[in-house]
Number of protein chains: 2
Amino acid sequence: MSRINVAVCALVLACAPRTPDVLRTGRWIDLTHDFSSEAIYWPTAKPFTLEVVSAERTPAGYYYAANNFSAAEHGGTHLDAPVHFAEGKWTADQIPLERLVGDAVVIDVQPGADSSADYRIDLKALDEWERKHDAIPAGAIVLFRTGWSRHWSNRAKYLGTTRTGARAVSELHFPGIDSAAAGRLVERRVGAVGIDTPSIDYGQTSTYPTHQALFAANIPAFENVSNLDQVPVKGSFVIALPMKIRGGSGGPLRIVALVPRGAG
Amino acid sequence: MSRINVAVCALVLACAPRTPDVLRTGRWIDLTHDFSSEAIYWPTAKPFTLEVVSAERTPAGYYYAANNFSAAEHGGTHLDAPVHFAEGKWTADQIPLERLVGDAVVIDVQPGADSSADYRIDLKALDEWERKHDAIPAGAIVLFRTGWSRHWSNRAKYLGTTRTGARAVSELHFPGIDSAAAGRLVERRVGAVGIDTPSIDYGQTSTYPTHQALFAANIPAFENVSNLDQVPVKGSFVIALPMKIRGGSGGPLRIVALVPRGAG
């Protein structure tokens, strides 16, 4: 940068708005499915249930609505905390905020996922992105777009089975990340990894190597993410705020992207 | 702004970093209490419960932790969606993201709260802030700091009672916002209102006028907020992401502030 450019940049402090403009002018994209009885849970998990406590005018004259809810931690758009598969690593409440926010890297693997429900994201997909855009930066939030979120309302297609219980687990078919790609993400020291399928390991796994590799490195994961077609491959920012469950192995996640004006 | 200033501002686009620097260099402050059996709920509400499903090595050789949880929507650090007291207004999932993010306005009313557990934030507190800092801007997230969050671990002090059930409601004592101040916040078209006590109405209310006034105007509220002593009175940005419960009257909230370097 030339001296003149530096001088211009310094001068701008005088006229820049006090609060960061991108926060006001960027587009906020919600990457979250909502929680309802239709939200998809693992075949062995307790699904989301809402119990209405009140939804009516009270004797005192005002309207009052309130509900109770219950669920497994791992269902719908949710966090996997590292402790989910790695003893002694971070629980949901222990993950530093700095690991839940970061520059978004979106890797489009839809052609592979369209070719097979058992597709696994491999080193080739990462190499291709890095060849075009440079190395995935440390601290980035890497989001894999398989296109699977468009099957969200079709449980048979999204999971590979409509059955529940332990015996249905072997019938799961959906794309995930293979262990070599997981190793590369650990090398890159990414902040977190997200995917628009039920799990970062593909449906047919029985050993969950990607969970084990990422979580041993204290890298959290976001599963059942949505709307990744609205996030540019780079240049936006992700803020992923899970429910702060003390000692939680995961939990409901609200994940959003901030897309600066002019990006994407 | 003069023509020269405009020209300088335009020029800066050439040397500004591509991704918004404040997101990388600001301090992220967590304004959220964690959810555990100690989290404080309304005397009539179902408290938070965590049920351990697994926390051990599986026969397949890997460690596996998972839990189920249940709670009322209104407890711990949580969202009140407008429908909580205003029929037909936004449910938790319907609130636009743009209303959940915004410039933080922090109004310190601790001297009043220290003088009485039945203290109500009034127009005087708002006038005083506005005299010093200009009118509260439209879309701002207004956070009232009573200092009550330091009593979080002491249920008797925080709520005014340790009893549960309908009869305990009349024993509640904690600060809230009076209806005239609520009216002013509606006039200012703020984005949302937060407080570090159990409710935006004070403990001794029986008619909840502040809930009714804000929610009729579709202004959501954040209750049991924490760490407001770490947020400057202005100049930072709040991101408040509730669990996306379809049809919810509220729910668990993860609320954070981004404090730009040099602010506060």
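FYI, it's all coordinate maths here, none of it is from the lab. All values reported here derive from a predicted model rather than from experimental measurement. In this analysis, Cβ positions are derived from the backbone assuming ideal geometry, glycine residues included, and neighbour counts consider all displayed protein chains.
Points worth noting:
- Think of chain A as having a plus end and a minus end, set by charges on the Cβ of Lys, Arg, Asp and Glu; of A:LEU123, A:PRO209, A:HIS173, A:LEU123 sits farthest toward the positive end of this dipole.
- Positive-end residue, the protein assembly as shown charge dipole about Cα centroid, Cβ charges, pick of B:VAL53, B:ILE219, A:SER249: B:ILE219
- FRET efficiency, A:SER116 to B:GLN230 (Cβ-Cβ, R0 41 Å, nearest 0.05): 0.25
- Note on B:ARG150, A:ARG145: ascending count of other Cβ atoms within 10 Å places them as B:ARG150, A:ARG145, the fewest first.
- Distance in nm between pseudo-label sites at B:ARG131 and A:ARG150 (7 Å out along the Cβ direction from Cα): 6.1
- Proxy reagent accessibility, fewest Cβ within 10 Å first, across B:GLU56, B:GLU73, B:GLU187: B:GLU56, B:GLU187, B:GLU73
- The smallest convex shape that holds all Cα atoms of chain B, its convex hull, gives 174 Å³ per residue.
- Equivalent ellipsoid semi-axes, the stretch B:135-264, via Cα gyration tensor eigenvalues times 5, rooted, Å: 24, 18, 15
- Given in Å, the Rg to one decimal and the Dmax to the nearest whole number for the Cα atoms of the stretch A:53-149 are 20.8, 66.
- Considering every alpha-carbon pair of the protein assembly as shown, the percent of pairs per 20 Å bin, from zero through the bin containing the longest distance, is 22, 53, 24, 1.
- Estimated dipole of chain A in Debye, rounded to 20 [Cβ of Lys and Arg +1, of Asp and Glu -1, Cα centre]: 560
- The dipole here belongs to the stretch A:72-164: it is taken about the Cα centre, uses +1 on the Cβ of Lys and Arg and -1 on the Cβ of Asp and Glu, and is about 440 debye.
- Label spacing, shortest first and in nm, from B:GLU171 to its equivalents in the remaining copies (7 angstrom along Cα→Cβ): 5.2
- Copies compared at A:GLY262 - label distances in nm, ascending, label defined 7 Å from Cα in the Cβ direction: 2.0
- q = 0.14, 0.21, 0.23, 0.31 Å⁻¹: log10 I(q)/I(0) that the Debye formula gives for the stretch B:73-127, counting C-alpha atoms only: -0.63, -1.01, -1.02, -1.10
- Ranked from shortest, the separations from the 7 Å Cα-to-Cβ label point of B:ARG150 to its equivalents in the other copies are 5.6 nm.
- Neighbour counts of other Cβ atoms within 10 Å put A:SER36, A:SER115 in the fewest-to-most order A:SER115, A:SER36.
- FRET efficiency for the pair A:THR25 and B:VAL52, taken as 1/(1 + (r/R0)^6) with r the Cβ-Cβ distance and R0 = 45 Å, rounds to 0.50.
- B:LYS124/B:THR164 FRET efficiency (R0 51 Å; Cβ-Cβ; nearest 0.05): 0.90
- Membrane-span-like helices in chain A, defined purely by DSSP H runs whose alpha carbon atoms cover 20 Å or more axially and whose average Kyte-Doolittle hydropathy reaches -0.5, do not occur.
- The stretch A:69-132 and the stretch B:203-249: distance between their alpha carbon centers, rounded to Å: 31
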